[in-house]
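> Questions regarding the structure given below will be posed in turn.
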Amino acid sequence: MSGFISLDGVSVDFHVRRGLFATTPVHAVRGVSLEIARGEHVAIVGESGSGKTTLGRALLRLQAVSAGRIVVDGDPIADLAGDDLMRFRRRVGAIFQDPYASLSPYMRVREIVAEGLVVHGTVPAAEHEARVLAALEAVRLSPAAEIADRFPHTMSGGQRQRVAIARAMVLEPEILVADEPVSMVDASSRVEILALLRELQVSRGLTIVSVTHDLASARHSADRIAVMYAGRIVEEGPAASLVDDPRHPYTRALLAAVPEPDPANRLRDRAVVPGEPPSPAALPPGCAFHPRCPVAIAGTCEVTDPAATPRSGGGQVACVRELPGA
Amino acid sequence: MSPLTPAGETPVTDPAAPLLSVEGLAVEYTTARGVVRSVDGVSFTLKTGGEALGLIGESGSGKTSITSAVTRLLPRNGRVAEGRIVLAGEEVSRLSDEEFRKRIRWSRIAVVVQGAMASLNPVLRVGDQGTERLRADGVARRDAEARFAALLDRVGLPRGTEKRYPHELSGGMKQRAVIAMALTHDPQLLVLDEPTSALDVSIQAQIMNLLKELKRERGIGMLFITHDLGLASDLCDRVAVVYGGQIREIGGTDALLAGPRDPYTERLLASIPRIRSAEAPGFLPGAPPDLRVAIPGCRFAARCPLVFDRCRTEAPDLVTVGEGHDARCFLSADGPLPAVRG
């Protein structure tokens, strides 16, 4: 099987200085394989230290991989150079978590959105204004001509994130990598931003890879969800199936931790897993989740790091309890 | 653990009075563009015996200004322009800053702010920070250390945490340490400003469980500030929805979740993505009002799906719609709100 985007055994290691000469390897992403179809939205869900952001950066080729490869539309992206790399950068847009930090306070919205056009020089300068206004219209910032004259500080978090999306869309990318696109946006504006991403996905056939800690938002915005823990994808499948029928104990723990507005919550304690995610510099042996796992099998889970196996309902799951015959 | 009375003071406590009563509070900020009234006519009470009230709002709604007025932690350009704040029968808003700091803050009202990482001193061991105020109040070192060690244990931190520096702790552990510090003087009221927003979801759930336990076993009153109505419903007996510096709706959590009577509450609830539902969340378009500009009518009118002419010219008052349940909409008194699409 070969998707539009294909991740094959992708690992990313960092080397952290310890003392004068020693370095400690940090295994941020460990052997991730994932196929993403054209026009699909896949959400990578995990907590801090899970490797989700590093994986997103690897896909943007902002981070070199240590092992494995990432293939986009037939091209291994590690091999791209020169004009091919520039073409790749036009094809893959990015939006980041913090719309307060990602937009220059000294530039007007017009200049922010036009920057990619200026850098790449593939669109005649005479057409820049029209392209900028069209991008602003596409993210529902109107009247576009008036918004284009504004500075980011005069806008709300939701409006700024729209500007960031317009900036990414102005080069008409085929792929959008979105790192926590709504986590710093007010709750009331999140739905709109996610609906906007869905609209761009459907109307332009855009492929979206989003990175988030918010399983509930992923459930309603993505087609598929991949849950990461300690650098691995522990479970991946169609969004509704993964949430309604979680197979991995970590996915279940994440689901139990989601605060839903339900009067009954107050009367009971939340079912939570103990402890905290491990440091990628000191991973437990075997399955990295076993020290926190409520259903770990003594003698097995601390030695076996389970491989991904096909999951009923679609996708894959990496848990010994899901292995055939287990 | 016996309650500790700091510096030999006897708390002025009226057993019949509510733990906290905020009456007609207005907070104003002086800015380069003039005076902004960011809290306007806010009143609520908190019962004794461990009631938790959630203050829910978007950024800029005024929720943090309300609690900063209660804790006297308003920034320099902010001031309480109107209203009274009464703690267990004593009008604490009349105290001097000096007296408030000595007698009220930390000993009777403790604060846990957003981002525990930032509120710890990086060059002091956890134990030294935790016992600092006790020592300043004249508690012997050994007693202060024993007391704080017991609290660290209570919030679920391992033995020896007091000897560690903040950078040696994870985010969740730091937040637990900050909660332990807030408890050193057995406060009657705990003000929690987004105490879990910087934490991962699984750690957030652990901290929420801890807060629930503390509420049950110690009967501490809690003011819980959050933008997340789901999170508030996990802890709070009552919630107040704040918008444009005013309370839009206040009531028991159950009643408010089951039948919101203000359109803003209704939209806020509809916009929460439900993990176990296939139904897409609803929209709440637009942005909160700019309070530098006078709004003649209802402050939510510009975003309200149920708006009609009267809303644009006349400001609605809070009306009682049920027992302990008030809402601020011309339609609130008529029963359940008409359905909104989307």
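> Would you confirm, using the coordinates I've provided, whether A:I70 is of a type in the set (V, I, T), crowded, with 19+ Cβ neighbours inside 10 Å, in contact with a Leu (Cβ under 6 Å, 6 or more places away or on another chain) and under 30 Å from A:M155 (Cβ atoms)?
no
> Can I ask one more? When you look at B:D334, is it within 14 Å of another protein chain (Cβ to nearest Cβ) and free of Cβ contacts under 8 Å to residues at least 60 places away in the same chain, yes or no?
no
> Determine whether B:T320 is part of a strand (DSSP E or B), of a type in the set (S, T, Y) and more than 10 Å from chain A (Cβ to nearest Cβ).
Yes, satisfied.
> So which residues in region A:287-321 are farther than 23 Å from A:L7 by Cα, of a type in the set (D, E, K, R) and out of contact with any helix residue (DSSP H, G or I) (no Cβ under 6 Å at 6 or more places or on another chain), if there are any at all?
A:R292, A:R321
> A further question on this structure: Within region B:323-342, restricting attention to residues that are outside any loop (DSSP other than H, G, I, E, B) and among the small types (G, A, S), which residue is farthest from B:I247 (Cα to Cα)?
B:A333
> Check region B:194-205 and report whether any residue there is surrounded by fewer than 18 Cβ atoms within 10 Å (Cβ to Cβ) and free of Cβ contacts under 8 Å to residues at least 24 places away in the same chain.
Among the residues of region B:194-205, not one is surrounded by fewer than 18 Cβ atoms within 10 Å (Cβ to Cβ) and free of Cβ contacts under 8 Å to residues at least 24 places away in the same chain, which makes the answer no.
> Same structure, new question: Mind listing just one residue for me: the one in region A:231-259 that is facing another protein chain (nearest Cβ under 8 Å) and surrounded by fewer than 20 Cβ atoms within 10 Å (Cβ to Cβ) and, of those, nearest to A:G314 (Cα to Cα)?
A:A240
> Now, a different point. Residues that are at the interface with chain A (Cβ under 7 Å from one of its Cβ atoms), assigned to a loop (DSSP other than H, G, I, E, B) and crowded, with 20+ Cβ neighbours inside 10 Å: does region B:279-300 have at least one?
The answer is yes; a qualifying residue exists.
> Report the residue count in region B:227-270 for those that are part of a helix (DSSP H, G or I), of a type outside the set (D, E) and either free of Cβ contacts under 8 Å to residues at least 40 places away in the same chain or at the interface with chain A (Cβ under 10 Å from one of its Cβ atoms) (or both).
Residues flagged as part of a helix (DSSP H, G or I), of a type outside the set (D, E) and either free of Cβ contacts under 8 Å to residues at least 40 places away in the same chain or at the interface with chain A (Cβ under 10 Å from one of its Cβ atoms) (or both) within region B:227-270 amount to 16.
> Restricting the search to region B:40-57, which residues are surrounded by fewer than 24 Cβ atoms within 10 Å (Cβ to Cβ), at negative phi and not aliphatic (A, V, I, L, M)?
Correct list: B:D40, B:S43, B:F44, B:T45, B:K47, B:T48, B:E51.
> Could you say which residue among B:G62, B:G78 is in contact with a strand residue (DSSP E or B) (Cβ under 6 Å, 6 or more places away or on another chain), surrounded by 23 or more Cβ atoms within 10 Å (Cβ to Cβ) and in contact (Cβ under 8 Å) with a residue 24 or more places away in the chain?
The match here is B:G62.
> A further question on this structure: Just the residues that are within 29 Å of A:A257 (Cα to Cα) and assigned to a strand (DSSP E or B), please, taken from region A:30-71.
Within region A:30-71, A:R30, A:G31, A:V32, A:S33, A:L34, A:E35, A:I36, A:H41, A:V42, A:A43, A:I44, A:V45 meet the criteria.
> Next question. If you check A:L141 against the conditions, is it in contact with a Lys or Arg (Cβ under 6 Å, 6 or more places away or on another chain) and within 14 Å of chain B (Cβ to nearest Cβ)?
yes
> Return the residue satisfying two criteria in turn: it lies in region A:192-217 and is of a type outside the set (D, E, K, R) and at the interface with another protein chain (Cβ under 9 Å from one of its Cβ atoms), and of such residues it is surrounded by the fewest Cβ atoms within 10 Å (Cβ to Cβ).
So the residue we want is A:A195.
Residue by residue, here is whether (1) out of contact with any strand residue (DSSP E or B) (no Cβ under 9 Å at 6 or more places or on another chain); (2) over 23 Å from B:S59 (Cα atoms); (3) at pLDDT 95 or above holds:
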| residue | (1), (2), (3) |
| --- | --- |
| B:R216 | yes, yes, no |
| B:L229 | no, no, no |
| B:C236 | no, no, yes |
| B:A240 | no, no, yes |
| B:G245 | no, no, yes |
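To keep it simple, each residue is scored yes or no on (1) in contact with a Cys (Cβ under 8 Å, 6 or more places away or on another chain); (2) of a type in the set (D, E); (3) not in a loop (DSSP other than H, G, I, E, B).
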site	(1), (2), (3)
B:L157	no, no, no
B:E162	no, yes, yes
B:K174	no, no, yes
B:V178	no, no, yes
B:L192	no, no, yes
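> Could you check, for region A:5-13, whether at least one of its residues is over 30 Å from B:I203 (Cα atoms), touching a Ser or Thr at 6+ places or on another chain (Cβ under 8 Å), surrounded by 13 or more Cβ atoms within 10 Å (Cβ to Cβ) and β-branched (V, I, T)?
yes
> If a residue must be more than 12 Å from every other protein chain (Cβ to nearest Cβ), surrounded by 14 or more Cβ atoms within 10 Å (Cβ to Cβ) and part of a loop (DSSP other than H, G, I, E, B), how many such residues does region A:261-295 contain?
8
> Another question about this same structure. Among the residues of region A:245-260 satisfying the criterion of being within 21 Å of the chain's Cα centre (by Cα) and assigned to a helix (DSSP H, G or I), which is modelled with the lowest pLDDT?
A:A257
> Filter region B:96-112 down to residues that are in contact with a Lys or Arg (Cβ under 7 Å, 6 or more places away or on another chain) and either assigned to a helix (DSSP H, G or I) or among the small types (G, A, S) (or both), then give me how many there are.
Qualifying residue count for the region: 2.
> Here are the criteria: (1) at pLDDT below 95; (2) part of a helix (DSSP H, G or I); (3) more than 7 Å from chain A (Cβ to nearest Cβ). Tell me which single one B:M208 does not satisfy.
(3)
For every residue, the table says whether it meets (1) of a type outside the set (F, W, Y); (2) under 23 Å from A:L206 (Cα atoms); (3) within 14 Å of chain B (Cβ to nearest Cβ); (4) without any contact (Cβ under 8 Å) to a residue 40 or more places away in the chain.
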site: A:T23; (1), (2), (3), (4): yes, no, no, yes
site: A:R38; (1), (2), (3), (4): yes, yes, no, no
site: A:T54; (1), (2), (3), (4): yes, yes, no, no
site: A:I70; (1), (2), (3), (4): yes, yes, no, no
site: A:D83; (1), (2), (3), (4): yes, yes, no, yes
site: A:G121; (1), (2), (3), (4): yes, yes, no, yes
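The values are calculated or read from the model by the stated rules, or taken from the named source; none is laboratory data. Predicted model, so just to flag it, every value in this text is computed and none were measured. Note that we place each Cβ from the backbone using ideal geometry, even for glycine, and neighbour counts take in every protein chain shown.
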